[in-house]
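Read-outs: derived from the displayed coordinates by stated rules, not from any lab. It should be emphasised that the depicted structure is a prediction, and the values quoted were computed from it without experimental measurement. Neighbour counts run over all protein chains shown; Cβ positions are idealised from the backbone, glycine included.
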Amino acid sequence: MKKSLSIILVSLLAVFMTSCGSVKDASSSAAEESSQAVTVEETLPEVPIEAENDDSDEVSEETENGDSDDSTETADGTVGEVLLADFREIVKSGSSSTPAKIAEQLVTNHIIADYSMVTMEVQEGLLNGFDNNEIKGFSQGCSFAPMIGSIPFVGYVFQLEDGSDAGAFMDTLKSSANLRWNVCVEADEMTCENVDNYVFFLMSPKSLDE
């Protein structure tokens, strides 16, 4: 009986020792694999994130600088400034020799071309925009204005006799004019200048897009 128990105990002990060895080997293998994984992960090169966004950054910079935005347009100036510059070019070019012809060219300017402008030759006397003040001292004159009366816009091109005092004539225009000649609305600016014996005069809004 004692021998039988001894044999059983020895057998159990052998089985137990074998099981522990297997578990230990499995644990060691798992630890080694984990260590290898960490080593491989640590040696991988880092990829910079900025590289992926380089293209989008370039597009953003181009848009901000206006290099790729064709819709951006530079403002030409107020209505008076644009038409005055046009008047100077027309007179200096010599393409038109009378106030009527100059006015006909002015109304084709892009800044007023969409407002159905009409031109009309004028003579000395009461003129639109000057209240009850008679305008005299010019040999020929032509007005240009929109057909729509609610727009505070009226312009003139005058031709003076050779040797006339253009400065005195322009002073008369400016002192006689009324920016609120159109009862319902008021012009924003008054523009008056001469080139040789031609005089440009305009009362208008600064912009016709408002």
Among Pro205, Cys142, Phe169, the residue whose Cα sits farthest towards the positive end of the charge dipole of segment 103-205 (+1 at Cβ of Lys and Arg, -1 at Cβ of Asp and Glu, taken about the Cα centre) is Pro205
With each pseudo-label sitting 7 Å past Cα toward Cβ, what's the Cys184-Glu89 distance in nm, one decimal?
3.3 nm
Would you mind calculating the gained length between Tyr115 and Asn128 on full extension (0.36 nm times residue separation, minus the Cα-Cα distance), in nm to one decimal?
2.8 nm
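Starting from the Cα-Cα distance between Ser97 and Asp209, subtract it from 0.36 nm times their residue separation and give me the gain in nm to one decimal.
On the way: separation 112, 0.36 × 112 = 40.32 nm, distance 3.14 nm.
Gain in length upon complete extension: 37.2 nm.
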Taking only C-alpha pairs under 8 Å that are 6+ residues apart, what is the relative contact order of segment 134-174 in percent?
42 percent
